Amino acid sequence: MTDADVPKLSEGLRRLWGVSSVTGRGPQPALSVERIVATAIEIADQHGLAAVTMSRVADHLGASTMALYRHVASKSELLTLMVDGAAGPPPALPLDADWRTATETWARALARVSHGWVIEVPISGPPIGPNSVAWMEAGLRALRDSGLPPLARLSVVTTLSGYVRQHSALLKDMDAQSGGRPQRELELEWSQTLATLVDPEEFPEVSSVLATEAFGTGSEAPEGDPDFDFGLRCILEGVARLAERQATG
């Protein structure tokens, strides 16, 4: 691949993909895209996404803000690179697993890296960074033996990615309003309070759910949450049915 093959790619992404228009001749610059992104991620991890500014990153690196712009075109591009860097490469999928197990493993791994400031970054387009594309490749590979055509497999990967992000965002929003109290404790308190308020004759279905006493028993981790597990099973069950119909024509 030559530089001319990727005319719309920014310089920062070109460097991550190894197709930079900047030659390697002469002394290596003190700054690099990798250092800038790593520093921005460190700031976000410690102080939140709002604390990440080009000037603050430059200060941490002992450089001028203008020097950063020689490597990263904009704050928006920096955020894209940060998400890609924070995700890292996807884990290896189980080699002897069926497609459904492999896809579930992939989705749970994605949930583990989709948290904190990462899900606050607006989605500006399809995956473009090398790590993000590697995650897409891993998801498509997990679905390879499902019998679905490539575009259908891509749609499944997109659906699962959206589900993981939405669930992670919901947990994050609820945690922000909980004052640090465990989610299990809040769920139990909610169910007990609601049980004293609702009339079983007026709300028979709600009452039957509250009577199960299942609230407050879930895990705090996204992939251990019963709601997450149920939603993931529903999606994969739908994909399995779709694959069966595809196989029978």
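The values are calculated or read from the model by the stated rules, or taken from the named source; none is laboratory data. This is a predicted model, so every value here is computed, not measured. Methodologically, a virtual Cβ is constructed for each residue, glycine included, from the backbone with ideal geometry; neighbour enumeration extends over all protein chains shown.
Pairs meeting the criteria (first residue in region 189-216 and without any contact (Cβ under 8 Å) to a residue 60 or more places away in the chain and surrounded by 14 or more Cβ atoms within 10 Å (Cβ to Cβ), second residue of a type outside the set (K, R) and in a loop (DSSP other than H, G, I, E, B), beta carbons under 7 Å, at least 6 apart or on different chains) are S191/F215; V206/V198; S207/V198; S207/P200. Listed conditions (1) in the same structural domain as D173 (by TED's automatic domain parsing); (2) assigned to a helix (DSSP H, G or I) are all met by L79, apart from (1).
Checked against (1) out of contact with any Lys or Arg (no Cβ under 9 Å at 6 or more places or on another chain); (2) closer than 26 Å to A152 by Cβ, L79 passes all but condition (2). Considering only residues in region 106-121 that are part of a loop (DSSP other than H, G, I, E, B) and modelled with pLDDT of 90 or more, the one that is nearest to T80 (Cα to Cα) turns out to be V121. Look at R184 and say whether it is under 24 Å from the mean Cα position of the chain (by Cα), basic (K, R) and more than 18 Å from G116 (Cβ to Cβ). Spelling it out, R184 is indeed under 24 Å from the mean Cα position of the chain (by Cα), basic (K, R) and more than 18 Å from G116 (Cβ to Cβ). Can you tell me which residue in region 88-105 is surrounded by the most Cβ atoms within 10 Å (Cβ to Cβ), limited to those that are of a type in the set (A, V, I, L, M) and at pLDDT below 95? If we take residues in region 88-105 being of a type in the set (A, V, I, L, M) and at pLDDT below 95, then L93 is surrounded by the most Cβ atoms within 10 Å (Cβ to Cβ). In the condition set (1) over 20 Å from L9 (Cα atoms); (2) under 21 Å from the mean Cα position of the chain (by Cα), P127 is compliant with all but (1).
Taking the criterion of being crowded, with 16+ Cβ neighbours inside 10 Å and farther than 19 Å from D227 by Cβ, would at least one residue in region 157-167 satisfy it? Talk me through it step by step, then tell me what you get.
Initial filter on region 157-167 (crowded, with 16+ Cβ neighbours inside 10 Å): 157, 160-161, 163-165, 167.
Filter once more, keeping what is farther than 19 Å from D227 by Cβ: 157.
The answer is yes; a qualifying residue exists.
So which residues in region 101-125 are without any contact (Cβ under 8 Å) to a residue 60 or more places away in the chain and closer than 27 Å to A240 by Cβ?
We begin by selecting, within region 101-125, every residue without any contact (Cβ under 8 Å) to a residue 60 or more places away in the chain; these are 101-102, 105-106, 109-110, 113, 118-119, 122-125.
Residues satisfying the conditions are T101, A102, T105, W106, A109, L110, V113.
If the condition is being surrounded by 14 or more Cβ atoms within 10 Å (Cβ to Cβ) and hydroxyl-bearing (S, T, Y), then region 123-154 contributes S132, S146. In this entry, R56 is excluded by the filter for residues that are in a helix (DSSP H, G or I), touching a residue at least 60 places away in the same chain (Cβ under 8 Å) and closer than 27 Å to A176 by Cβ.
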